[in-house]
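This report concerns only the one structure given below.
The numbers here are math on the coordinates, done by the rules we state, and not lab data. What you are looking at is a predicted structure, and each value in this text was computed from that prediction instead of being measured. In this analysis, Cβ positions are derived from the backbone assuming ideal geometry, glycine residues included, and neighbour counts consider all displayed protein chains.
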Amino acid sequence: MLSRDSLRYLRARTFSDRLTNTYTCPFCSIRSLRLSSNVLKLSSRERGSRLTSHSQTRPFTHGTTAPQGIQTYLGSAASPLEDTPLPAVADLFGKSHNVREYLRQWSSDYQETIKSNAPSEVLQTGRSVILPNSLFARDDSTGDVEPAEEALDTEHNGQDEDDDISTQGAMRFRRPGDLFIMKSNKVRAQLAICLGQTEAQHQYLLQSGSWFVDTQALFTGYTIPNFATEEEMAPIRNIMPVKPVQRTQAESGSEVYQHASGEVPPHLSAGLLRKFTLLGKEIERCRRDYADLLDNVYNQSADETSFKHLTLQELASNFLRKDLEALSPGTHMFLYDKLVEDERFLARQYKDSTSMMLVPRRMWNANKDVTEWARAYQEAAAQAAAGKEVYQELRNNPLTQFISKARRLISRSRKLRVPTSFGVLSPTLKDAVPRSGVVERRSTGEEFDTNDRKIIEVLWNAYIKRPWIAKHQASSRTNSICSLILRAVGAYPAFELDRRSGSLFLQEIGCLDPWYQTDNYKVTLPEHFSGLNLKANQLKDKEQNALSQLNLNDLHPHIPPFADTMADLRHDWGDMLAFCIDSAETRVVDDAISVEPSSEHPDHYWLHIHIAHPSAFIPINHPFFERAEYVTSAYYNPGGLMEPYFPIEITDRLCISPNRPSQVLTCSTLLHRNGSIKDVKMTPGLLRNIVKIDNHRLAESFNPTSTSKHSMLVGHKAAREKREGEDIRKKLETAAYHQKQAKLLKTHNDTFHLLQDLLSARWVSRLEEQPDRLKMPKFTRGSTSLFVSDVSFADRSYDRLFRSEHCYGDPTIQVSTLTSTTTETYEEQGIKYDIVGSSMLLCAEAFGYWARRREVPIIYRAQECHHAFPLERLNTLGPHEGYIAPIPGSSLRPARHVTLGMAQMSWCTNPLRRFYDLLNQYQVDAYIKAEATAAHGSSGSNSPDAEYPFATSKLSTYIETLDMIELSRTQTSAVSQWVLLALFRAFHFNEASLPPVWDVLVENPLQVGLSQASEGYTRATLARYNHPIYLEPSPGRYENKGKFRQHLPVKLTRIDYREKAIYGIAIGPPSDTPYNQDQYQQDSMAAQVSDTVVR
């Protein structure tokens, strides 16, 4: 029997139900009211229980989730309901008073009810589960502005990913003795010291005095290198597990890694614990001294419209008035920790260099405005629950206007495409595809006003922007607001409100294309994508202004617009023939190759690598250089076009071309026929006789491919026929080109064979010069090429978010693969390198050799073994043993490259595409000029008094701050995403035929870690596309029986395009040989997995 207060409340609740035309369980209503009241009493220090802005604002809760499918106004915000008397607990839940137990049981029962009454409109298309279109499941006849849209619940759903949060670009491995803040769901957040590693398990000493081991490299935040000495760690290492801690899986019987911890005897850890304590005191002292000074960092430093980069050095200088080097490690850690707790700051860490990206003021102000609207929206909901009239409040709330507009747009979108459970839209429905098959982007007719844009920006910030907001930041406010908006729209009742649903929502309202690239909105990248980077925008403007002042139209198209600073030193190579070996489509050529016998040394040949010479033309204080310095690398989009870091008009004039004399810097190596190096010279030159050779034709003439070729083409029938017709026409149009190439190859056959012999001999000789060389097998796989049509790669601007446009039709995607899986030693594979690859390696080696002898300060490339896998251990590994590969890096000193067997090497052959190469070229120019001025000989025994443009300290800064790998990874990721989209469309929507069973390779467990084991999946590699695949448990547990480098026959189960994940299930035992399609056509093992299991 309910009390009077309970009945009074439920009568008030009935008004809200009528207003929203929904039903709410009475107990949920009471729970909602109780939560609303309790939230108001929470302390302002209760993190994660309310949302605050940096101004004086009311609490904004993100309480608990209503049972799925119930959509009502749940009172969960500060409201006048605070003083409303609540019903007695016994009236509602009986004598036990166990509210939690009752709600848990009710939720479970309700979910069963939901399942038993699943809507019939849940459709199956191919292998894809299409989400039910429940947007207008009830009558929406009240007009565009509805007094009550949806049930509001602001629980933070999901968003627990750790893969790409705020430490973008951090080093993968730390060394023993490094200290960092460990944040894991397995231990409480605290300071930790890396002690070492046993196979896949990392070992730590925790601030609490315990040791801890885990397979995940739990490095987050700021790291203090070499905090502990070897002497301090040695006693603790003696008590650590000498082998990985493992447990036996009950279902499969296989051994998997298990995290573990234990106590360290106090007398062994006393010294390090004292250091922990002192560091903690230092951090607390900094908090007292500097906290107030840092409170104004954002207000004084942030830009109005763009993300701004702020280094810790700038932070220390501008706000603490001290040099960063003069501050203690504890101060460094405090500075980092202070800022990353604020979601207005995004941390970016590369090696041991840490910097911050500041969110634009406009974006943050939008966040605060939307927060206020959301509070008002929820307060209106709470007032409606109390029986008050809220129609006018909702009508005037910008969220109400946006929600109504979003519902109209989603309704229109679902006539074109259907949402899928993967958080991505389906291909265009048949009736909506343009007849031409070409993608058409059409305006929806809806305009987003200023308030709409603010809401979209908040959604973008939470769901799309990368790096994503870290869990340890105050992210609950942003995510709760976004959950409120999505739940109020009501388009995804059966979908978890996380990044997937957020992405799906922005696609359906037309702000994002269905195939948008996630890395387009990676704000830590210097420029190539969203245009939100302040410094990049400024440098781009300076570059364009400088370009407009050059009057290029008045110059011959082949003449660089700058004076040649090396003109007096150039050697004219005359009629010497140089080969540019590249694909026919390549526009920008950096290098050419020539060879001639030595007139002074019998059986010796000069092998010349001619490199484009931009450093002779572009001053280091010019805007072109400044932008190249910041961008660091050219970018290749999936359409095959290169976007250089110099303007393309300038790049065209500086590259090597067969159509004109080309200024080059030539690296000449005197090689004996046995491969030994006798001398190296660097010469500025002028190249006149240049012939272009197709690299594919040349490679096939030496080593006819034995690889398997596969091609997958998805797209509308008309678009596919167009693509296939283009291929045929292209073949016909290029027949003359191929005939010309065949003639050139025949004419210069002897020269190419000489080059191949010399380069192979050098590879063997190089390895013989390194007695302790790497001898382990190298596992190689095939390659993937990609063609994407009908997509504008240029439209990556941030403004695209604020245009509501729906795409009719889908891009045609052609994925071509060369599958070749071989296991050979590094020695064996090096001999088989093609002429281009081998000559570039020789040039890198010779360039470093020349600079080393003359003590020219340049940046070297190196590769060192991981401390847990030294060279002697790598060379004794069995064929199926896992390992951690040697780690590449950069150095100011000549250092060994383990894999290539070089004593030194340096990047040098791509100065128009890679900044390190350009940087080194400037340094070499300075030496050559000084050598000529001082009239030194060519022996180089004494370094001339050169004035290098970059001091050693500046080079060191470049090494610590330039992440040359991030952009390369981004390009690889972009290609991977298009491949996944093609597979997604082929597998789930039958746009292309796929093999029923696939060859999958068992992964190296020490490279990928075993974190997937806890999630029930085993990570492997899909051989054809060289892409990770996650294997579900199979009836025969085949995935747990395979060894590293073995093969498994696998059936695909789903393609998660948005998360870039492929899932499958093994249908047969592992094998040492690649899977053969024919042997499994009707194999009985395939029958072990029924269609219901696979699909």
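Full extension from Asp431 to Lys322: what is 0.36 nm times the residue separation minus their Cα-Cα distance, to one decimal in nm?
32.6 nm
Could you tell me the calculated FRET efficiency between Lys743 and Ser598, based on Cβ-Cβ distance and R0 = 30 angstrom, to the nearest 0.05?
For R0 = 30 Å, the calculated efficiency reads 0.55.
Set the Förster distance to 41 Å, then compute FRET efficiency between Glu768 and Glu649 from the Cβ-Cβ distance, nearest 0.05.
Numbers: r = 47 Å, r/R0 = 1.16.
After rounding to 0.05, the efficiency reads 0.30.
Could you compute the FRET efficiency for Gln549 and Lys415, with r as their C-beta to C-beta distance and R0 at 51 Å, rounded to 0.05?
Approximately 0.50, to the nearest 0.05.
Around Met902, which amide H atoms from residues at least 5 apart in sequence, or from another chain, sit under 5 Å from its own amide H, with H modelled in the peptide plane?
His897
Among the trypsin sites (Lys or Arg not before Pro) within segment 264-338, which fall in a DSSP loop and have no more than 12 other Cβ atoms within 10 Å of their own Cβ? Display every interim value, and only then the final one.
Values: sites: Arg274, Lys275, Lys281, Arg285, Arg287, Arg288, Lys308, Arg321, Lys322, Lys338; in loops: Arg321, Lys322.
Listed in order of number, the matching sites are Arg321, Lys322.
Can you pick out the pairs among Lys542/Lys954; Lys322/Lys368; Lys465/Lys1051; Lys542/Lys929 whose Cα atoms lie more than 26 Å from each other?
Working: Lys542/Lys954 23 Å; Lys322/Lys368 33 Å; Lys465/Lys1051 34 Å; Lys542/Lys929 30 Å.
From the list (Lys542/Lys954; Lys322/Lys368; Lys465/Lys1051; Lys542/Lys929), the Cα-Cα distance tops 26 Å for Lys322/Lys368; Lys465/Lys1051; Lys542/Lys929.
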